[in-house]
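Input: a single structure, listed below in structure tokens.
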């Protein structure tokens, strides 16, 4: 390493400090409007035989920063992650510096104990003191695939040895609002796409329980074995919560594994005021719960939790004598993970929890809910806007209303509004289809978001909508 490398280090550290401590500016440019080919021409992407000088490296790093999307901002509401807790950045820096993996206690003694403690605390939130097991995963998709894996393992243990070839076809029941990872999962694990039965949803985007019951009866008539039922605590598009209690009863009646995908909405469990949304989750066999969403951890901080201890070990443990040793058997967390090398992501949640405490976590969640309800109220009182429903979590879906246009024309107009605001790059949200209509979708993730900022978003939507109507 040459003697000037410290200049490069300082440049990156200065950016890190600025990102963590910078005060929010509402007029900040969050993105540049460049198509892929234009951006490709701007960036020096090709590697070369000779390395770059420190100054050239600094210029390259600044170019990367300048052309990346600013996600750590209250007006970035495009995905189910965004404004990040500053303490999580510090944890991520420590994780990178300590540079270890989570498969054995030998190489990750402190982090192994931390993950076990965090999993214990999360299990207590769902199933009560002394219950639950779990492991941190790469994200909600991996957690959902773990659920498919465990459902299969729980049905017939010999499948682990013999595979699916001699088994009857399975039926896996999800809402039509379910995350796309279930489609990927049934393909990846060999169930086949035909095994995934998508049940229609109600107007509020929750699963239709009567339609589910009929789908189960039909699947049995077709010779399929009901294997897994998924309840959603915070749907991807609207953040809606299924009736988790009713689904638990149905799963029990048909002897299915019951998984709750709480990747987005599980964090309401941190609030006594809000946790009733998840009533019935205590009956789940497994739960996926992410913390880089509502709780503002840096990507990726995600867990997969099981009600019964030992389920994960039974499914994933293999003989690897060079790695796992009997004397630390209970603390070698690689035995219950599908992955080998794995970052100690639980540390980010643990450090933040230690810093804020239960009270701080509760306040974080409740502030987000209050802001979401404030936005919903402002929408309901604006004749130019239409609310999808009173938000169940911290996602607000709404649309610009034009009385003179058909549904198809109104859908096109709402997409145009979003695309225009997206191009401007100062407010970023998305759109999606609900009940066959296009809605604008804001994911509220900054607990310090102000009423002024909420009004800024809605006023801009109305302003652009009216401008476009006048042009047409």
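Please figure out what share of the DSSP beta bridges in segment 93-352 is antiparallel and state it in percent, rounded to the nearest 5. If you can, show how the numbers build up before the last one.
Working: 12 of 28 bridges.
Restricted to segment 93-352, the bridges split so that about 45 percent are antiparallel.
Would you order 411, 35 from fewest to most other beta-carbon atoms within 10 Å of each residue's own beta-carbon?
On the way: 411 18, 35 7.
So the residues, fewest neighbours to most, are 35, 411.
Using a Förster distance of 22 angstrom, determine the FRET efficiency expected from the C-beta separation of residue 455 and residue 24, and round it to 0.05. Don't skip to the end; give the middle numbers.
Working: r = 15 Å, r/R0 = 0.69.
Result of the calculation: an efficiency of 0.90.
Compare the peptides 300-309, 369-378 by average per-residue count of other Cβ atoms within 10 angstrom and give them in order, highest first. Don't skip to the answer; put the middle values down first.
On the way: 300-309: 22.7, 369-378: 19.0.
The most tightly packed comes first, giving 300-309, 369-378.
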key: Cα centroid separation - segment 170-241 against segment 45-59, whole Å   = 50 Å
query = Which label belongs to the value computed from this structure, given these candidates for Cα extents along the principal axes in Å: (1) 86, 54, 37; (2) 68, 54, 54; (3) 68, 63, 47?
reply = (3)
request  = Return the percentage of antiparallel bridges among DSSP beta bridges fully within segment 230-353, rounded to the nearest 5 %.
outcome  = 50 percent
key: Whole-Å distance, taken between Cα centres, linking segment 257-295 and segment 412-471   = 28 Å
Calculated diffusion of segment 93-352, Stokes-Einstein form, Kirkwood radius summed over Cα pairs, 37 °C and 0.692 mPa s, µm²/s = 176 µm²/s
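Can you divide the C-alpha Rg of segment 291-449 by 2.2 N^0.38 Å and report the result to two decimal places? Spell out each step's value before the answer.
Numbers: Rg = 22.4 Å, N = 159, 2.2 N^0.38 = 15.1 Å.
Here the Cα radius of gyration is 1.48 times the empirical estimate.
To one decimal place, what Kirkwood hydrodynamic radius in Å is obtained for segment 179-328 from all pairs of distinct Cα atoms?
Numbers: mean 1/r = 0.0588 Å⁻¹.
Answer for segment 179-328: a Kirkwood hydrodynamic radius of 17.0 Å.
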query = At residue 15 and residue 42, where each label point lies 7 Å from the Cα along Cα→Cβ, what is the point-to-point distance in nanometres?
reply = 1.4 nm
request  = Would you mind ranking 195, 101, 286 by Cβ crowding within 10 Å, fewest neighbours first?
outcome  = 101, 195, 286
ask   = Given labels modelled 7 Å from the Cα in the Cβ direction, how far is it in nm from residue 469 to residue 363?
value = 4.2 nm
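What full-extension length gain, to one decimal in nm, is calculated for residue 59 and residue 214 as 0.36 nm per residue of separation minus the Cα-Cα distance? Intermediate values should be presented prior to the final figure.
On the way: separation 155, 0.36 × 155 = 55.80 nm, distance 6.13 nm.
Here the answer is 49.7 nm.
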key: Estimated inter-spin distance, residue 319 and residue 162, nm [label 7 Å along Cα→Cβ]   = 2.2 nm
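When DSSP assigns beta bridges and you keep just the ones with both residues in the chain, what percent turn out antiparallel, to the nearest 5? Working shown, then result.
Working: 24 of 41 bridges.
So the antiparallel bridges in the chain amount to around 60 percent.
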query = Of the listed peptides 71-79, 157-165, what is their order by residue-averaged count of other C-beta atoms within 10 Å, with the highest listed first?
reply = 71-79, 157-165
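Okay, helix-only estimate at 222 nm for the chain: each DSSP H run of n ≥ 4 adds -39500 (n - 2.57), divide by all residues, round to 500 deg cm²/dmol; what do you get?
Numbers: 14 runs with 200 residues, N = 472.
Here the helix-only value at 222 nm equals -13500 deg cm²/dmol.
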remark   = Contact order relative to length for the chain, counting C-alpha pairs under 8 Å separated by 6 or more residues, stands in percent at 20 percent
query = Fewest to most neighbouring Cβ within 10 Å: what's the order for 26, 33?
reply = 33, 26
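Any read-out appearing in this document is the output of simple, stated calculations on the displayed coordinates, not a laboratory observation. Owing to the predicted nature of the structure, the values given are computational and were not obtained by experimental measurement. Quick reminder, even Gly has a Cβ in these numbers, built from the backbone with ideal geometry, and neighbours come from all protein chains shown.
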